[in-house]
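The values are calculated or read from the model by the stated rules, or taken from the named source; none is laboratory data. Note that the structure is a prediction, hence the values are computed from the model and not measured. Note: ideal-geometry Cβ built from the backbone for every residue, glycine included; neighbour counts use all protein chains shown. Surface areas here come from the heavy atoms of the whole protein model, side chains and all, with no ligands, DNA or RNA. Shrake-Rupley method; radii C 1.70, N 1.55, O 1.52, S 1.80 Å.
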Amino acid sequence: MENRVYNFNPGPATLPLTVLQQAQAELLNYKGTGMSILEMSHRAKEFDEIVLGTEALFKELTGLGDDYRVLFCQGGASQQFAMLPLNFLTQGKSADYLITGSFADKAFKEAKKIGSAQIAATTADDKHNRIPTQEELTLQREAAYVHLTTNNTIYGTEWHYIPQTDAPLVADMSSDILSRPWEYQKFALIYAGAQKNLGPAGVTVVLIRQDMLSDINAALPTMFNYDTFASKNSMYNTPPTFSIYLLQLVLKWVQAQGGLTVLGQQNKEKAALLYEALDEDDFYRGHAQVESRSLMNVTFRLPNEELEKAFVAAAAEIGLAGLKGHRSVGGIRASIYNAMSPQGCETLASFMHDFKKRNR
Ligand code: PMP
């Protein structure tokens, strides 16, 4: 479509064009109600259908059964860093954190403010360029939970196995949820800010196994208690209605693509195009070790910072936007979530070849 760029931003990130077009078409008059979703009561039956339908579709896509609930919270993944220990890090318990990047570290630091938590593995000494092996994890048998970040958005690494734990497994999946078929049922709780793979900013999705809800401390402030969201279908108060509506459109798009199996294969192929371009010689240097590479965020350096600046600028000129790496790592980061098309990755790979030829 005219004037649309290939948008490699890490989040908020590119959305499927058909989703934006449908939202545009329905913006002024949602299903004959004569009003926009933006203007509609969250108690309206049309919105009730959206919330219940989105929960059902989420379970269908992930293969999770009725022993799970899908909650729609606010405050971003960052609020989950605190909400998780508030609910489950009870007195006398300690939680295990696997530190594979900045967000994992932030989650750990929030937990420490609330209770007892320990680092069960860290890759800080390797500049977070890899994922630890199962053997490296020093887990406590009686931990309240084990927390990991399945995809490290800044460093460009991703867990390709699910660690074995005795304690309930909790994951921040903000930047790779629904990107591949996975054993979602191995997790007791999963949370994700929507603004990468799921939709717009403003809604944070929590998938929680029902048994986790059974002994949450009732003295917690209402809006920090997962049970408030579960028992009221996320409508104890006014939820972020438009964000949930767009999330549902994105989930329908995922389903129409063929679900997680099809998207998972496509994501592998998309990432391979970029990693092949990196691996040709030593002009580009990937940050992540090969076996820990993320299929969502491809991070790399060029021979010097001047060339990196020139790369970002020249890419932007031909409609490849948002490639600047995170300030803590530098270099280039291409975020290629579900909604980035294979053509976008082909165009970037071909730009990488051209840029190298002109600048080596
Ligand atoms: N976790 C991960 C893995 C992230 O990538 C981000 C955002 N980039 C966050 C947490 C923080 O999310 P939010 O901005 O929704 O609080």
Inset, instruction - Mind giving me the nanometre distance, one decimal, between the label points for Lys112 and Tyr236, set 7 Å out from Cα along Cα→Cβ? - result: 2.9
Legend entry - the chain: relative contact order as a whole-number percent, Cα under 8 Å and 6+ apart: 23
Legend entry - Rounded percent of accessible protein surface that carbon and sulfur make up, the chain, 1.4 Å probe: 49
Legend entry - Length gained when the stretch Thr138-Arg327 is fully extended (0.36 nm per residue, less Cα-Cα span): 64.9 nm
Inset, instruction - Name all residues of region 330-360 having a backbone nitrogen under 20 Å from the label point set 7 Å from the Cα of Ala272 along its Cα→Cβ direction, giving them as ranges. - result: 334-353
Legend entry - Radius 10 Å from Cβ of Gln118, net charge of other residues (Lys, Arg +1; Asp, Glu -1): 0
Legend entry - DSSP-assigned coil residues among trypsin sites (Lys or Arg not before Pro) in region 172-280, each with at most 13 further Cβ atoms within 10 Å: Lys232
Legend entry - Chain lengthening between Ala44 and Arg285 when straightened (0.36 nm per residue, less Cα-Cα): 81.5 nm
Inset, instruction - Please work out how much length the chain gains when fully extended from Leu27 to Asp125, using 0.36 nm per residue of separation minus the C-alpha to C-alpha distance, in nm with one decimal. - result: 30.3 nm
Inset, instruction - For the chain, state the average projected area of the convex hull of the C-alpha atoms over all orientations, rounded to one decimal in nm². - result: 18.2
Inset, instruction - With no solvent and one equal point scatterer per Cα, compute the Debye intensity ratio I(q)/I(0) for region 1-150 at 0.13, 0.19 Å⁻¹ and report its log10, rounded to two decimals. - result: -0.88, -1.21
Legend entry - Average accessible area per residue (Å²) across region 206-303 - probe 1.4 Å, nucleic acids and ligands excluded: 43
Inset, instruction - Give the cross-link partners of Lys186 among the lysines, using a straight C-alpha distance below 17 Å as the criterion and excluding same-chain residues fewer than 8 apart. - result: Lys59
Legend entry - Candidates per GluC sites (Glu not before Pro) in region 134-240, loop by DSSP, up to 15 other Cβ within 10 Å: Glu142, Glu183
Legend entry - Per-pair calculated FRET efficiency, R0 = 25 Å: Asp66 and Leu20 via Cβ, rounded to 0.05: 0.15
